[in-house]
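**Student:** Sharing a structure with you now.
The values are calculated or read from the model by the stated rules, or taken from the named source; none is laboratory data. None of these values were measured; they are calculated from a predicted model. Ideal geometry is used to build each Cβ from the backbone, glycine not excepted, and the neighbour counts take in all protein chains shown. Accessible surface areas use protein heavy atoms only, side chains included; no ligands, DNA or RNA. Shrake-Rupley method; radii C 1.70, N 1.55, O 1.52, S 1.80 Å.
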Amino acid sequence: MASSHIASEAVTLDAPHNLLPPDALQSGRINTKADIWMLGCTAYLRLNGAPPFASEPTDSPVEYIEQTLSKLEYLLASSGKLSEEDIPLTASFLRSCLVLDPVERPSAPDLMIIGTDWVMREATCSCGWCATEV
């Protein structure tokens, strides 16, 4: 069956180095949890206007990622693109996506449950893009 053959082939992510999950950077082996990492990076990029991690490869990408995640609220606040009240839930959602260990990273269905508070916060959005209630 074609889908079995495709599933067993190696997968290459065609993405900038600074958006790749640590599992791809370290071992080159990924699974569907890499999509969750990429969602977190994409959400951060859309919310903050810049990628969450340095564009140049570092000697210790995991250490750099840990440092960035430790100051996530500060980075979101300093961008000036989110209201102060949105920062805690936004940071929580992003941290849920950007878990270093892919085994500990949530699946898509789990993320839908975890992220509900952030996505549906008061059924309105303060980002400035959404003008109507959800």
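**Student:** Identify the single condition in (1) over 17 Å from H17 (Cβ atoms); (2) in contact (Cβ under 8 Å) with a residue 24 or more places away in the chain that R46 does not satisfy, given that it satisfies every other one.
**Tutor:** It fails just one condition, (2).
**Student:** Of all residues in the stretch 13-32, which are open to solvent by less than 40 Å² (accessible area, probe 1.4 Å) and assigned to a helix (DSSP H, G or I)?
**Tutor:** N18, L19, P22, D23, A24, listed by residue number.
**Student:** Here is a follow-up. How do the helices (runs of 4 or more DSSP H) wholly within the stretch 39-116 filter down when requiring 2 or more residues that are exposed (fewer than 12 other Cβ atoms within 10 Å of the Cβ): which remain?
**Tutor:** 61-70, 72-79, 108-114
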